[in-house]
1. Need the list of lysines near Lys440 for cross-linking: C-alpha distance under 28 angstrom, and skip anything on the same chain fewer than eight residues off.
2. Tally Lys/Arg at +1 and Asp/Glu at -1 over every other residue whose Cβ is under 14 Å from the Cβ of Arg345; what's the total?
3. What is the local net charge at Val152, summed over the other residues whose Cβ is closer than 12 Å to its Cβ (Lys, Arg +1; Asp, Glu -1)?
4. Taking square-rooted eigenvalues a ≥ b ≥ c of the alpha carbon gyration tensor, is the stretch 378-512 rounded, prolate or oblate, where a/c under 1.5 means rounded and, failing that, a/b exceeding b/c means prolate?
5. Please give me the summed charge of the neighbours of Phe36: other residues whose Cβ is under 11 Å from its Cβ, Lys and Arg +1, Asp and Glu -1.
Amino acid sequence: MNLIPVEGVALSDGRLSWKTTADGSLGSAKEAELIFVLKSADLEKTQFGFVLCVLKEDAGNPANPYNPFFLATHTPPDHLPQRLLITALPPHLSSVPVDVIVSVRSGTNLALAFWETVLQPIHALSREILLVADPAHHQAGDALIDVGEPHVVVTQSAHSVRQYARALAAPGNRGQETAGAPPPGSRTILLLSGDGGVVDLLNGRRDGSVASSPRTDATRSPVIALMPLGTGNALFHSLHKPIAATAAEASPLVLALRTLFSGCPAKLPTFRASFSQGSRVTSFAGAGEDGVQRPEESETPVDSLQGAIVASYGFHASVVYESDTPEYRVHGAKRFGMVAQDLLRESHPYRAHVDIRRTPLAGTGAADTSATDEETSKLERVPRDSHAYVLTTLVSNLEQTFSISPDSRPLDGQLRLVHFAPIGGERTMAAMMAAYDGGKHVGMKWSEDGEEIGYEQVDEVRVTVLEEEQRWRKVCVDGTIVEIPQGGYMSVTKGDDAGGFQVLVDPRILKA
């Protein structure tokens, strides 16, 4: 990569400016485009004391969406926020193996371009500038552990991430203990994907560890660093929501890179979705060799899935399912709205029984020793047989601006349920627009018939599907679609997180 020698670097009024040493030309960028500043630990080696990493993005240019450049200077700009000054590689990038998963079909297929153009050059540059004999990283005597170049996995199919995670959990996985090496399971996974990559990691690791691996403590769990290159990126946006509000309009990818170099690992809360016998994962198969579009492909039977984001039935599940075709996926996040319009016009009433085990209030239930186990474990039926929306979630946002659960906080581990009856396309659209307006759908009520948006903390949600037609028997778990047989069910409960994953978060989240 080319370093551009500059001088007179200044940061003022939301703008970064500089003069190029070679020809005296002036340059500038938004402060929000400054990823961070790397401080050299060895001036003799690097010649410059500081390197400013800048990323300009052009979403309207799919052929060249990313333009990173690196400014080398002897003096950093005044008023540089301390959190943007990187003086050493963090342990999750310097003392454990690093795997990079590039999900080439996530979102609008930009993950590979981001890796090759942005992340790989920044990772290589940071190793060159920051990886020196730092006593904080000494282990096994006096030698610095250098785990070497990252191991890169470019997905070849929809099953690649799950296969990687399954191999990771199996005996003999990369990272077995040797003198001075990290313990088994310790590693950082740079996930260039959307939410589907997260659920594939969770379930692939579970598949591989069922019979072969003991439960691991949290300090040995792999750490996921999210690079939001999917369509909705619900987990990323929810974890960064408190930070994005004060990030001077920095893009999600800039925020992700900052978190990668200054973040802290934290346990990733999960839930478990269990299914009745006969349930199957389904997906759109695309066109065959004869050019004929196969609308649906049934894959393997499934009895449970682990998730970290959302489990839904009704309108949300149908939108995710019916927008997952090659024709719709090229439209990115817009595909959801396109499909939603058709579903709203149809306004199908989803026939199902929904039963809820509510979180006990303070001083009652599990916290009240006078309550019996039967009282605290009782499932209560939602008093209707048809529904428009049933969504259980661990996160606040399904998209960057779509706040489905405004009370949710990063890492709080609390399941919350949003649900409402078939209220017609117009009112459903009003509720969705209110969710885009800071979560104002919560508390909505219509006086003419008393219908309202339900929103509450729960410990369990059980959906028993009564529909005859296959189209209306789909549920969604973090983007994975499962078809439930008529009379079958999905039950969602909190996961135990044992032997799971950690996720990299901004340290300010942990202090909140």
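1. Cα-Cα hits under 28 Å: Lys241, Lys334, Lys474, Lys494, Lys511.
2. So the surrounding residues net to -3.
3. -3
4. oblate
5. Computed value for this residue: +3.
Each value in this text was obtained by applying a stated rule to the coordinates, not by laboratory testing. The model shown is predicted, which means the values in this text are computed figures rather than measured ones. FYI the Cβ positions are ideal-geometry reconstructions off the backbone, even for glycines, and counts take in every protein chain you see.
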